[in-house]
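The values are calculated or read from the model by the stated rules, or taken from the named source; none is laboratory data. Note that the structure is a prediction, hence the values are computed from the model and not measured. Cβ placement follows ideal geometry from the backbone for every residue including glycine, while neighbour counts extend to all protein chains displayed. Keep in mind that these areas ignore ligands, DNA and RNA; they rest on the heavy atoms of the full protein, side chains included. Shrake-Rupley method; radii C 1.70, N 1.55, O 1.52, S 1.80 Å.
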Amino acid sequence: MTHNDYLEQYLLAHLTYSKQTIKAYRSDLRQMKKFYVEWSVKSLQTYFDQLTQQYKPATAMRRYHALMALGNELVRAKRLRKNPMRQVHAIVHQQVTQREHHPLEETIQTIRQIDHPTYRLFFELISQTGLRFMEARLLSIEDIQFATLTLLVRHGKGRRLRTIPIGERLAHKLQAFLGGRTTGLVFRSVRGQAINEQQARDALNQQSLAIRGRPLHPHDLRVSFATHLYQTGDCRLLEIQRLLGHSSLRTTEDYILSQDTKLQHVINSLSA
């Protein structure tokens, strides 16, 4: 079995990646196969040198991070001694982030108007803890410690465990929602399985479009959470990195968005 064959099977059985992530990673593997790329520093470096000439910087960097994650899995599975991606020099794309900012308090108010009680509390949890979508979807009741107001995140990226705090009111809502259940998934369908991924995403997006006239996605909640902690909560980046479960502080920095368009106003004034 080749490394890519192993990774294909790994992705199909990996629960903590969303369907979109799995689809993107499998696409990356197919492209590697198409261009006869091997899991060696020389082959991967040549591949990325070509990518930077053919694709936008954001696309090349997304593929870089995807293959870095897959290379780490090959090391974990002892198929490689070292991840060759760590020696591959990717482009450095310096860019002032201009993504749309979703104020956290406004976002939470939107979430609280979702009719479906399971989806409503599901996204309220994400918005107040910064959990990834799949981390919240696979959260077990046993991992919530109501006495200490903490929860254990078992399904983070890179198989990293972390413990994060939760607010008192959110804890009370979770207790009421569980209704005495002590085992199993926190958020489940009527059949007792994990909630439907696409239906949950649709519920959030449709509610935001109806109230705010603009789309809202689960990942936006993590970005808003990080931005709120940094700009309003005066938290350090290292603290936010640990809460979000990022392996790199640079990733956390990319999550911090400007609350206004001050920079754009300044640039506009120069061209007036």
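Pull up the cross-link candidates among the lysines for Lys33, meaning alpha carbon to alpha carbon under 20 Å and not fewer than 8 places away within one chain. Counting by Cα, and skipping residues close in sequence, Lys33 has these lysines nearby: Lys23, Lys42. Report the Stokes-Einstein translational diffusion coefficient (µm² s⁻¹, integer) for segment 103-260, Rh taken as the Kirkwood radius over Cα pairs, at 37 °C with viscosity 0.692 mPa s. Stokes-Einstein gives a translational diffusion coefficient of 205 µm²/s.
For the chain, the relative contact order is 17 percent, taking Cα pairs closer than 8 Å that sit 6 or more residues apart in sequence and dividing their mean separation by the residue count. By the compact-protein rule of thumb, 2.2 N^0.38 Å, the alpha-carbon radius of gyration of segment 38-196 corresponds to a ratio of 1.35. Nearest 0.05, what FRET efficiency do Leu209 and Glu38 give at R0 = 51 Å with Cβ-Cβ as r? Efficiency at R0 = 51 Å is approximately 0.65. For segment 86-169, applying the loop criterion from DSSP together with a ceiling of 12 other beta carbons within 10 Å to the GluC sites (Glu not before Pro) yields Glu100.
Checking every one of the trypsin sites (Lys or Arg not before Pro) in segment 167-217 against DSSP loop status and a limit of 12 other Cβ atoms within 10 Å picks out Arg181, Arg191.
Quick one: if the Förster radius is 30 Å, what FRET efficiency do Val75 and Ala147 give, using the C-beta to C-beta distance and rounding to 0.05?
That gives a FRET efficiency of 0.20.
Can you give the accessible area per residue of the chain, in Å², using a 1.4 Å probe?
58
Expressed as a fraction of 2.2 N^0.38 Å, the value expected for a compact globular protein of N residues, the C-alpha radius of gyration of the chain is 1.10.
Structural size metrics of segment 139-217, computed from C-alpha coordinates, are Rg and Dmax of 14.9, 40 Å.
The calculated FRET efficiency for His89 paired with Glu8, based on their beta-carbon distance and R0 = 45 Å, is about 0.95. Hydrodynamic analysis of segment 208-248 uses the Kirkwood radius over alpha carbon pairs. Inserted into Stokes-Einstein at 10 °C and 1.306 mPa s, it gives a translational diffusion coefficient of 140 µm²/s. Dividing the helix sum by the residues of the chain, where each DSSP H run of 4 or more adds -39500 (n - 2.57), gives a mean residue ellipticity at 222 nm of -17000 deg cm²/dmol. Partner aspartates and glutamates whose Cα lies under 12 Å from the Cα of Lys82, excluding those fewer than 8 positions away in the same chain, are identified as Glu73. Across segment 171-214 the C-alpha pair distances fall into 5 Å bins from zero in the proportions 5, 18, 19, 17, 18, 14, 6, 2 percent.
Once the Cα-Cα distance is subtracted from the 0.36 nm per residue extended length, the Gln54 to Thr182 segment shows a gain of 40.8 nm.
Taking only protein heavy atoms and a 1.4 Å probe, the accessible area of the chain is 50% carbon and sulfur. Within straight-line reach of Lys173, meaning a Cα separation under 12 Å, sit the following aspartates and glutamates at least 8 residues removed in sequence or on another chain: Glu124.
For Ala194, the residues whose modelled amide H falls within less than 5 Å of its own, excluding neighbours fewer than 5 places apart on the same chain, are Ser189.
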